[in-house]
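The values are calculated or read from the model by the stated rules, or taken from the named source; none is laboratory data. Treat the numbers as computed from the prediction; the structure is a model and nothing was measured. Cβ coordinates were reconstructed from backbone atoms using ideal geometry, including for glycine residues, and neighbour counts include every protein chain displayed. Calculation scope for accessible area: heavy atoms of the full protein, side chains included, ligands and nucleic acids excluded. Shrake-Rupley method; radii C 1.70, N 1.55, O 1.52, S 1.80 Å.
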Amino acid sequence: MNIEEIVQAVEDIVKRYGLKILYMDYTDITIISRVGLSPAVFIQIYVNAKKEKINMALVVGSERIYGADKEGGFYHEHPFENPSMHVGAERVEIEDFVVKSLELLNKINLL
């Protein structure tokens, strides 16, 4: 994972799906970004390239309602039906996570 490529990918995704970059900060090994519709409805993306760690969360209000992470070398999801659970999963690309998050927001009438 190259942080510069991830920054560019996030910027491209925001344009493609009509979202806003609400926050972005990065170094040569990490990025944290919030992209979305408003400060109350956003997708948080955290990547640590050195540790090969990625955490993504769909947040509404102050609650994660869906998530996908790679912790300890294993991918898992926090399903929409019960975001506190950990369910084994395949690798989820940032754009795929954004698309699924937008589908969930549409399902609950927030889009």
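Ordering L111, L105 by accessible area with a probe of 1.4 Å, largest first, what comes out?
These residues rank, largest area first, as L111, L105.
Tally Lys/Arg at +1 and Asp/Glu at -1 over every other residue whose Cβ is under 9 Å from the Cβ of N55; what's the total?
0
Would you work out the relative contact order for the chain, in percent, from Cα pairs under 8 angstrom that are 6 or more residues apart?
The value is 14 percent.
Keeping all protein chains in place, calculate the accessible area per residue for the chain (probe 1.4 angstrom), answer in Å².
Here the residues of the chain average 59 Å² of exposed surface.
List the trypsin sites (Lys or Arg not before Pro) in the range 59-111 that DSSP assigns to loop (not H, G, I, E or B) and whose Cβ has at most 12 other Cβ atoms within 10 Å. Which are they?
R91
Between K107 and E5, what is the label-to-label distance in nm when each label sits 7 Å out along the Cα-to-Cβ direction?
Output for this residue pair reads 3.0 nm.
Between K51 and E71, how many nm apart are label points set 7 Å from Cα along the C-beta direction?
Between K51 and E71, the label points sit 1.1 nm apart.
In the range 1-88, which GluC sites (Glu not before Pro) fall in coil by DSSP and have 12 or fewer other Cβ atoms within 10 Å?
E52, E81
Once a ≥ b ≥ c are taken as the square roots of the eigenvalues of the Cα gyration tensor of the chain, is the result rounded (a/c under 1.5), prolate (a/b larger than b/c) or oblate (a/b not larger than b/c)?
oblate
Using a 1.4 angstrom probe on heavy atoms only, work out the carbon and sulfur share of the accessible area of the chain in %.
Percent of accessible area from carbon and sulfur atoms in the chain: 50.
Pop the C-beta distance of M24 and E93 into the FRET formula with R0 = 22 Å and round what comes out to the nearest 0.05.
0.75
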